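Just below is one structure, and these are the notes that go with it.
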Amino acid sequence: MLGKNADWKIHALSFVLTMIAEFIGTQKFDLGFMAFSLFPMLYVLILGMALGVAKVIPEDMQNDASPYITISVMMLTAKVGATIGPNLSSILQCGPALILQEFGNLCTAMFALPFAVFVFKMGRAAIGCSHSISRETSIAIVGSKYGLSSDEGVGVMGGYIVGTVLGTLFYGILCSLLASLGIFSPQALAMACGTGSASMMSASLGAVIEAYPAMAEELQALAASSQLLSSVDGLYMTLFIALPMTEWMYKVFTKNNKNYKDGQPIKKNA
């Protein structure tokens with residue numbers, strides 16, 4: 001342990017990285033066939049990972065910083081909860097199409113969990129990273145139920161980091177491709193942009209508006225409503241349906257699986 005000097009070093013480093021990221025600011029890119037934005041949070045993650053790999057940040061300091069994630073998640077949980085009540089009327093006005101689309105969140109577990117278990121032979125971290133797209137709400141729920149130091153917590157944080165680093169580009173490219181195919185209405189594409197992530201929504205919505213510039217205001221309104229729903233009722237969808245369903249699927253997939261014992265992957269000797 002770093003002792004009594006650890007805390008101020010952690011806070012100082014966090015402050016410096018945050019200032020660097022805010023100085024860079026949001027960077028928007030328009031490549032013609034797609035548009036996307038990179039947000040300051042992405043820069044902090046990349047800088048932090050680079051410093052960790054380069055051993056500039058000692059492992060002890062990384063371990064001492066871990067409890068602050070839990071503290072941050074507690075504040076995040078309170079913030080998410082405070083947005084639910086005031087926005088209930090807005091959600092009810094969105095209509096059944098926007099509300100029913102939230103069941104699409106269950107597809108993350110249906111598609112990702114089999115790969116995690118049967119292909120990558122992951123442990124319970126698969127539950128954390130595959131029950132949703134691992135955004136802030138999911139981190140709050142998993143952190144509260146399992147703790148972010150658990151396997152499930154490691155999984156959801158891993159999904160969050162990968163989504164933040166690659167999700168923006170992926171969504172921008174995917175929506176550009178779908179818009180160019182012409183098989184979905186622009187309204188449906190705009191509704192699909194509201195994933196619960198500001199950076200992902202910005203990237204995907206920019207691509208849709210690029211394809212349908214005359215409908216920009218309508219598409220922005222639909223995406224904003226969808227984003228609100230994903231952040232609000234997505235919390236209940238994750239807590240009461242997606243996470244329990246993923247746990248049940250994990251138990252079924254690993255019960256008679258020769259690569260697992262008591263729900264944990266069997267470690268094979270090299």
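The values are calculated or read from the model by the stated rules, or taken from the named source; none is laboratory data. If you're wondering where the values come from, they're calculated on a predicted model, not measured in any experiment. Methodologically, a virtual Cβ is constructed for each residue, glycine included, from the backbone with ideal geometry; neighbour enumeration extends over all protein chains shown. The protein model used for the area step is the full one, side chains on, heavy atoms only, and it has no ligands, DNA or RNA in it. Shrake-Rupley method; radii C 1.70, N 1.55, O 1.52, S 1.80 Å.
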Qualifying residue in the range 195-213 (condition: under 28 Å from Arg124 (Cα atoms), outside any loop (DSSP other than H, G, I, E, B) and modelled with pLDDT of 80 or more): no
Subset tally (residues that are of a type in the set (Gly, Ala, Ser), open to solvent by less than 10 Å² (accessible area, probe 1.4 Å) and at pLDDT below 85) for the range 227-243: 1
Answer residue from the range 143-160, given it is touching a helix residue (DSSP H, G or I) at 6+ places or on another chain (Cβ under 7 Å) and part of a loop (DSSP other than H, G, I, E, B) and is most open to solvent (accessible area, probe 1.4 Å) among those: Ser149
Qualifying residues in the range 121-137 (those that are hydrophobic (A, V, I, L, M, F, W, C) and closer than 18 Å to Leu239 by Cβ) - the one surrounded by the fewest Cβ atoms within 10 Å (Cβ to Cβ): Ile133
Sole exception among (1) open to solvent by less than 20 Å² (accessible area, probe 1.4 Å); (2) out of contact with any strand residue (DSSP E or B) (no Cβ under 7 Å at 6 or more places or on another chain) for Phe118, by number: (1)
Ile183 in a helix (DSSP H, G or I) and open to solvent by 20 Å² or more (accessible area, probe 1.4 Å): no
Inter-residue pairs, beta-carbon under 9 Å, first free of Cβ contacts under 8 Å to residues at least 60 places away in the same chain and in the range 171-193, second exposed (fewer than 15 other Cβ atoms within 10 Å of the Cβ) and among the acidic types (Asp, Glu), 6+ apart: Pro186/Glu218; Gln187/Glu218; Ala190/Glu218
Search result, residues across the range 166-180 that are open to solvent by less than 40 Å² (accessible area, probe 1.4 Å) and within 20 Å of the chain's Cα centre (by Cα): Gly167, Thr168, Gly172, Cys175
So Ala140, is it closer than 21 Å to Met237 by Cα, part of a helix (DSSP H, G or I) and open to solvent by 20 Å² or more (accessible area, probe 1.4 Å): no
Helices (runs of 4 or more DSSP H) enclosed by the range 1-103 - at least 2 residues per element that are acidic (Asp, Glu) and modelled with pLDDT of 70 or more: 6-24, 59-84
